[in-house]
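Asker: Before I ask anything, let me first share the structure, which is written out below as structure tokens.
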Amino acid sequence: MRYGDGTIAAGRTVRRAVLACALLLGVNGCRHKPVLPALPPISEPVTLATSVPQEPPPTIEPPEIELPPVPVASGGSPRRERRHRPTQANVPAAQSNTDITQPPVPPEEVAIGALSLGGDANPRAQQEVAELLASIDKRLSGLPSDKAKSDRSQVSRIRNFQRQAQEALSSGDVEGAKTLGTKAKLLLDDLEK
């Protein structure tokens, strides 16, 4: 739209310019820095207060607590001597197998699993455990070298359970060997995932 004299258009332009300047000043704000009053100079020296040295507080001795030994999961520990298992000749005839109470399981045996007392071993069960241990050994040797290196502690635990299972099988403890072999197999299953 054109206006003949242009006064309306000029008025709008001026209003827009004033509005733009006002907004610009409002957004930027005041740029003056506040001036803080100067502190009066110190005319006389001030002595600093010193604290009185105190004796350290008395120490309280902690009570002596007897803790169990820390379990170590390394393959280089010395072999433990096996306890002799009682035979049927050592058990009095008046007692039956149901009357015998088993002593509480020491914490070392709980960590690796309770082993059975052995007894008459089923040849088929022995064969199953031997096959389980052979399959674990085959699967361990078939692991990729980078996987075996990255999970070295897990492989060490598996080999430890496998070795203990082989020792239990050699001593005639088929149930203990099966338990330890199953633990090694489960750890190997987790490793291969």
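Asker: Modelled with pLDDT under 90 and either touching a His at 6+ places or on another chain (Cβ under 9 Å) or assigned to a loop (DSSP other than H, G, I, E, B) (or both): is that true of V105 in this structure?
Answerer: Here the answer is yes, as V105 does meet what is asked.
Asker: Can I ask one more? Looking at (1) in a helix (DSSP H, G or I); (2) within 16 Å of D189 (Cα to Cα), find the lone condition where L143 falls short.
Answerer: Among (1) in a helix (DSSP H, G or I); (2) within 16 Å of D189 (Cα to Cα), the lone unmet condition for L143 is (1).
Asker: I'd like the full set of residues that are closer than 24 Å to S150 by Cα, touching a helix residue (DSSP H, G or I) at 6+ places or on another chain (Cβ under 7 Å) and of a type outside the set (S, T, N, Q), limited to segment 163-193.
Answerer: Scanning segment 163-193 gives L180, G181, K183, A184, K185, L187, L188, L191.
Asker: All but one of (1) loosely packed, with under 10 Cβ neighbours inside 10 Å; (2) modelled with pLDDT under 80; (3) more than 36 Å from the chain's Cα centre (by Cα) hold for L25, so report the exception by its number.
Answerer: If we test L25 against (1) loosely packed, with under 10 Cβ neighbours inside 10 Å; (2) modelled with pLDDT under 80; (3) more than 36 Å from the chain's Cα centre (by Cα), just (1) comes out false.
Asker: Scan segment 174-193 for residues that are of a type in the set (D, E, K, R) and assigned to a helix (DSSP H, G or I) and jot them down. It would help to see each step written out before you state the result.
Answerer: Initially, segment 174-193 is screened for residues of a type in the set (D, E, K, R), giving 175, 178, 183, 185, 189-190, 192-193.
Those that are of a type in the set (D, E, K, R) and assigned to a helix (DSSP H, G or I): E175, K178, K183, K185, D189, D190, E192.
Asker: Considering only segment 160-173, state which residues are touching an Asp or Glu at 6+ places or on another chain (Cβ under 9 Å) and in a helix (DSSP H, G or I).
Answerer: Q162, E167, A168
Asker: Sticking with this structure for a sec: Given the residues R163, R124, which is the only one that is over 26 Å from V72 (Cα atoms) and surrounded by fewer than 21 Cβ atoms within 10 Å (Cβ to Cβ)?
Answerer: Of the residues listed, the single one that is over 26 Å from V72 (Cα atoms) and surrounded by fewer than 21 Cβ atoms within 10 Å (Cβ to Cβ) is R124.
Asker: For L39, only one of the following conditions fails: (1) modelled with pLDDT under 75; (2) out of contact with any helix residue (DSSP H, G or I) (no Cβ under 8 Å at 6 or more places or on another chain); (3) assigned to a loop (DSSP other than H, G, I, E, B); (4) not small (G, A, S). What is its number?
Answerer: (1)
The values are calculated or read from the model by the stated rules, or taken from the named source; none is laboratory data. The model shown is predicted, which means the values in this text are computed figures rather than measured ones. Because the Cβ atoms are built from the backbone with ideal geometry, glycine has one as well, and the counts that use them run over all protein chains shown.
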